[in-house]
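The values are calculated or read from the model by the stated rules, or taken from the named source; none is laboratory data. Treat the numbers as computed from the prediction; the structure is a model and nothing was measured. Glycine gets a Cβ as well: all are built from the backbone with ideal geometry, and neighbour counts include every protein chain shown.
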Amino acid sequence: MALACQQNSYLREFDTKVKSCTAGELKVTQNGKKEVLKGYEVILEDTVLFPEGGGQPDDRGTINDVPVLRITRRGTDAVNFVTSEIPPGTDVHLVVDWTRRFDHMQQHSGQHLITAIAENVYGYKTTTWNLGDKVSFIELDTPKMTAEEMVNLECILNEKIREGVKVYPTLYHDKDDPELAKARCRGLPDDHEGAVRVLTIDGIDSCLCCGTHVSNASDLQMIKLLSTEKGKRKNSTNLNFVCGKRVLDYLSRCYDVEKSLTALLKGPLEQHYELTEKAVKGSKNSQKTIQTLLRDLATLEAEKFKSQQTKPPYFIYHRKEGDLDFLNTLLKEIGDETVLCLLTAGEDKGTGFVMMSGPETIVKDLGPKVMEVFEGKGGYSKGRFQGKANKLQNRTKAAKLVQEYQQGDLQQTTNES
């Protein structure tokens with residue numbers, strides 16, 4: 001028996017009865033944290049809510065207005081996880097989240113069409129596929145797909161859509177039926193039960209599949225092949241694509257980016273590449289100039305410190321525009337291991353770099369304490385303590401700690417003398 005959603009994928013609502021309802025748990029991730037929800041696993045006599053399978057994610061929807069959070073397959077049953085108990089025997093009304101469902105139907109049927117045409121025309125077999133949130137891909141068993149092949153494939157795909165090729169499922173209750181041998185198949189799952197379902201794209205392909213699909217290629221609206229990239233398997237290529245409404249969504253996102261770039265670069269779409277290339281080159285040249293100036297500044301600041309008639313035993317310095325290269329240059333130019341240096345670089349309020357040098361015993365002892373003030377982490381290596389501060393605005397507290405430590409150290413040296 002096939003589920004109602006597999007017999008007619010266009011059903012949006014359905015009435016049925018609850019077969020069983022047992023306590024269960026669902027692992028979820030909310031706001032980056034893993035949680036375990038307590039709830040119930042509900043199995044229905046039949047359903048229009050598709051459980052995950054065949055590479056297609058599960059549906060969302062409601063059972064008597066109770067949200068279904070997850071649907072999995074257990075044998076021939078679809079198991080619905082809900083947070084409210086729905087007793088066995090209850091008459092229920094199901095409503096499908098149609099936006100999610102139809103999107104999955106478009107991407108899944110589109111994948112079948114792309115897979116079939118790519119194999120029929122170029123001999124490239126699909127080894128796996130992924131229905132992503134915004135962009136899907138199929139993995140082809142070829143190390144490369146040329147731009148010309150992509151253009152030709154896309155033209156054929158959209159021609160089939162315009163022709164309105166029929167798409168329909170067929171159930172085979174006998175696994176030994178000779179007709180099944182004609183269908184493209186990578187093998188049935190080990191836990192498969194019940195009838196075998198074959199999806200046919202009229203005159204193009206027949207393939208074993210349990211998912212929900214459009215009934216006519218025209219419902220795909222359009223297929224856009226976006227790009228290729230190296231697949232995870234050896235000598236494989238991932239072909240990224242969007243179907244149906246996702247083509248419109250993708251175009252809308254691209255147009256929003258185009259408008260932003262047009263305003264930023266002060267030029268039309270046709271000039272974006274040249275204007276961006278010019279801007280990038282200008283930015284790189286500016287960065288080189290800034291680095292040169294910062295190195296010169298580090299040298300001057302070091303000379304300024306060393307030229308003092310009464311040179312203090314510590315050197316505390318901050319430069320908002322500085323970086324690690326600037327701090328390293330500054331320490332190198334000072335070149336006095338007897339001076340306790342505390343150098344920082346970065347925005348006044350935010351994260352930044354911290355570097356310390358001086359007498360080894362002092363730096364090793366004081367470094368971790370300074371990083372506590374900055375609420376950061378760091379370590380000692382090759383005569384220097386280096387770290388990253390999370391709260392660079394605590395520089396005054398860190399400077400005071402260095403001053404007090406140095407004064408205490410000098411007092412201790414005087415007393416020992």
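Those residues that are surrounded by fewer than 14 Cβ atoms within 10 Å (Cβ to Cβ) and touching a helix residue (DSSP H, G or I) at 6+ places or on another chain (Cβ under 8 Å), I need them from segment 292-324; list them, please.
Selection gives 303, 311, 321.
Show me the strands (runs of 3 or more DSSP E) entirely contained within segment 8-111 in which 1 or more residues are among the hydroxyl-bearing types (Ser, Thr, Tyr), in contact with a strand residue (DSSP E or B) (Cβ under 8 Å, 6 or more places away or on another chain) and within 30 Å of residue 249 (Cα to Cα).
In segment 8-111, the matching strands (runs of 3 or more DSSP E) lie at 13-30, 61-63, 70-74.
Which condition from (1) in contact with a strand residue (DSSP E or B) (Cβ under 6 Å, 6 or more places away or on another chain); (2) loosely packed, with under 10 Cβ neighbours inside 10 Å is the one that residue 263 breaks?
(1)
Quickly run through segment 389-403 and pick out the residues that are β-branched (Val, Ile, Thr) and within 12 Å of residue 369 (Cβ to Cβ).
402
Just for segment 156-165: of the residues that are surrounded by 15 or more Cβ atoms within 10 Å (Cβ to Cβ) and not aliphatic (A, V, I, L, M), which one is farthest from the chain's Cα centre (by Cα)?
Only one residue fits best here, namely 160.
Here are some residues: 306, 259, 224, 232. Which one is without any contact (Cβ under 8 Å) to a residue 24 or more places away in the chain and either not aliphatic (A, V, I, L, M) or not assigned by TED's automatic domain parsing to the domain that holds residue 330 (or both)?
Sole residue among the options that is without any contact (Cβ under 8 Å) to a residue 24 or more places away in the chain and either not aliphatic (A, V, I, L, M) or not assigned by TED's automatic domain parsing to the domain that holds residue 330 (or both): 259.
Scanning segment 118-146 for residues that are aliphatic (A, V, I, L, M) and under 17 Å from residue 242 (Cα atoms), which turns out surrounded by the fewest Cβ atoms within 10 Å (Cβ to Cβ)?
That would be 135.
Quick one: would you say residue 294 is of a type in the set (A, V, I, L, M) and either at positive phi or in a helix (DSSP H, G or I) (or both)?
For residue 294, the condition - of a type in the set (A, V, I, L, M) and either at positive phi or in a helix (DSSP H, G or I) (or both) - is met.
Any residue that is at pLDDT 95 or above, touching a helix residue (DSSP H, G or I) at 6+ places or on another chain (Cβ under 9 Å) and outside the structural domain of residue 48 (by TED's automatic domain parsing) - is there at least one of those in segment 174-193?
no
Which members of segment 123-155 meet the condition of being among the hydrophobic types (A, V, I, L, M, F, W, C) and either part of a loop (DSSP other than H, G, I, E, B) or over 31 Å from the mean Cα position of the chain (by Cα) (or both)?
Residues satisfying the conditions are 131, 135, 145.
Going by the structure shown, is residue 256 farther than 27 Å from residue 223 by Cα and under 37 Å from the mean Cα position of the chain (by Cα)?
No: the conditions fail for residue 256.
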